[in-house]
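Below is one structure, written out as structure tokens; the observations come after it.
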Amino acid sequence: MIGSVRFRIRLLVVVGVVTLMAVGCSSTPSLTVEEYANEATAITEAYVVEAQTLSLAYQRNVEKKVADIVDAGTSSVVDEATELVRVETVNHLALLNDAVVRYHEAMAELEPPDSIRDDHDAYVTIVESVQSTIPALRDAVGEADSIPGIQAALSGSGFSDGQLAWVATCERLEQSVRDEGHGIDLKCARQDVAIGGAGSP
């Protein structure tokens with residue numbers, strides 16, 4: 001009887017150890033600061049290149065099509081140009097929203113070391129917060145019936161206001177990594193360009 005009890009106790013201990021080992025193996029280990037810096041830099045570089053490419057394509061497309069409308073010399077130049085800018089801006093914001101969503105997801109998947117976790121989490125949160133304003137911005141632009149109305153929608157949105165917080169939070173994260181002795185480039189000073197390619201001031 002005693003031997004049976006001891007066997008059961010040993011079995012429970014073995015099962016417990018195996019369970020703990022399994023749990024430990026299934027958790028994602030934190031990156032080192034250097035690994036984090038390298039991955040975050042690469043993710044951000046890809047995002048900024050994509051966002052700025054979208055912005056440049058949008059601007060060139062609008063400029064060319066507006067010029068074509070003006071050259072056509074129709075009596076409804078203003079109305080046609082306004083509709084063009086409205087449609088192209090709505091489409092651009094849809095593409096930009098997709099880019100920001102994927103950037104947020106990629107950054108959120110990183111497992112930072114404890115020393116920079118708070119600043120990493122704050123950055124991921126602000127990116128998500130800014131992204132969440134884009135659908136409402138698209139709606140506002142879509143409802144605008146004049147060029148000044150489109151400009152007002154862009155400049156008066158939470159999206160526009162959120163860019164300042166994005167840059168500030170980005171700079172804090174960069175500084176935290178640098179304080180740990182590693183370089184990182186999240187292109188904080190260029191995020192306003194990358195995010196605001198739809199014509200924000």
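The values are calculated or read from the model by the stated rules, or taken from the named source; none is laboratory data. Not measured: the values here are computed from a predicted model. Positions of Cβ are backbone-derived with ideal geometry, glycine not excepted, and every protein chain shown enters the neighbour counts.
Scanning the range 1-58 for residues that are of a type in the set (Gly, Ala, Ser) and in a loop (DSSP other than H, G, I, E, B), we see that the one that is modelled with the lowest pLDDT is 27. For the range 63-93, taking the residues that are within 31 Å of the chain's Cα centre (by Cα) and exposed (fewer than 13 other Cβ atoms within 10 Å of the Cβ), the one that is farthest from residue 142 (Cα to Cα) is identified as 64.
Within the range 70-99, track down each residue that is β-branched (Val, Ile, Thr) and part of a helix (DSSP H, G or I). Don't jump to the end; show me each part of the working.
Of all residues in the range 70-99, those β-branched (Val, Ile, Thr) come to 70, 74, 77-78, 82, 85, 87, 89-90.
70, 77, 78, 82, 85, 87, 89, 90, listed by residue number.
Hey, could you check the range 138-175 for residues that are over 24 Å from residue 90 (Cβ atoms) and among the small types (Gly, Ala, Ser) and say which is surrounded by the most Cβ atoms within 10 Å (Cβ to Cβ)? In this case the residue turns out to be 165.
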